[in-house]
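Chemist: Submitted below is the structure of interest, expressed as C-alpha cells.
Read-outs: derived from the displayed coordinates by stated rules, not from any lab. Note that the structure is a prediction, hence the values are computed from the model and not measured. Cβ sites come from the backbone with ideal geometry, for glycine too, and all protein chains shown count toward neighbours.
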Amino acid sequence: MIIAFASKNHLGLNSDVGSSIVSSEYFTVAEIENGKLKKVKNVENPVFKEEKINAQKFVDFIKNTNAQKIVISVVDNADIENELLLNDIEVIKNVNGRIADILKEL
C-alpha cells in the first residue's frame, strides 16, 4: 500500500501533516509492504500556494505517486475530494501531528 501525506516541509516522516493542499509544500509518500515501511520519498507539491487549484492536475499528481490513500487535515474543496474518490484514492481527513506517529496508527 502507498500512502501520500500532505507535508508542511521536506522532513519526510518527521514533518507534520499539512493543513491543506495549497499550504503543503511537499507530500511524503510512504510505501508499506507486509505491515512494514519499505520506502519513503518526498515530492514537491505542484499546486503549493496556488490560489485556484485545478482538481485534475492535483489528482494526476497523486496518481503519479501510485498512492491509494491521501492523509491531510483539510481538503481544499469538494471537487478535489470527489475527483480523488472517483480515482479510487481514499481521503483520510482531519489528521494532525507528526507523519511518523500517524503512520504507526494506520
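Chemist: Got a sec to turn the phi values of the range 90-106 into Karplus ³J(HN,Hα) couplings, 6.51 cos²θ - 1.76 cosθ + 1.60 with θ = phi - 60°, whole Hz, x for Gly and Pro?
Modeler: Computed from phi, the couplings for the range 90-106 are 6, 10, 10, 10, 6, 10, 9, x, 6, 4, 4, 5, 5, 4, 4, 6, 7 Hz.
Chemist: Considering the zone a paramagnetic label at ASP79 would reach in this model (a point 7 Å from Cα along the Cα-to-Cβ line), which residues of the range 1-34 have amide N under 15 Å from it?
Modeler: Within reach of a label on ASP79, which here means backbone N under 15 Å from a point 7 Å along Cα→Cβ, the range 1-34 contributes 22.
Chemist: Also: Add -39500 (n - 2.57) for each DSSP H run of 4 or more in the chain, then divide by its residues: what number comes out at 222 nm, to the nearest 500 deg cm²/dmol?
Modeler: About -7000 deg cm²/dmol.
Chemist: Here's another thing I want to ask about it. Which angle from 0 to 90°, rounded to the nearest 10, does the C-alpha axis of helix 55-64 make with the longest principal axis of the chain?
Modeler: Approximately 30 degrees, to the nearest 10.
Chemist: Please compute the length gained on full extension between LYS93 and LYS41, using 0.36 nm multiplied by the number of residues separating them and subtracting their Cα-Cα distance.
Modeler: Answer, rounded to one decimal: 16.6 nm.
Chemist: Turning to a different aspect of this structure: Which of LYS57/LYS104; LYS39/LYS93; LYS52/LYS93 have a Cα-Cα distance over 25 Å?
Modeler: Over 25 Å apart, Cα to Cα: LYS57/LYS104.
Chemist: Determine which aspartates and glutamates satisfy two conditions relative to LYS41: a Cα distance under 18 Å, and not lying fewer than 8 residues away in the same chain.
Modeler: ASP16, GLU25, GLU31, GLU33, ASP60, ASP101
Chemist: If I model the chain as equal point scatterers sitting on the Cα atoms and use the Debye formula, what is log10 I(q)/I(0) at q = 0.14 Å⁻¹?
Modeler: Ignoring solvent entirely, the Cα scatterers give -0.45.
Chemist: Taking the mean number of other Cβ atoms within 10 Å as a proxy for protection, how do you rank 93-100, 16-23 from highest to lowest?
Modeler: Packing proxy ranking, top to bottom: 16-23, 93-100.
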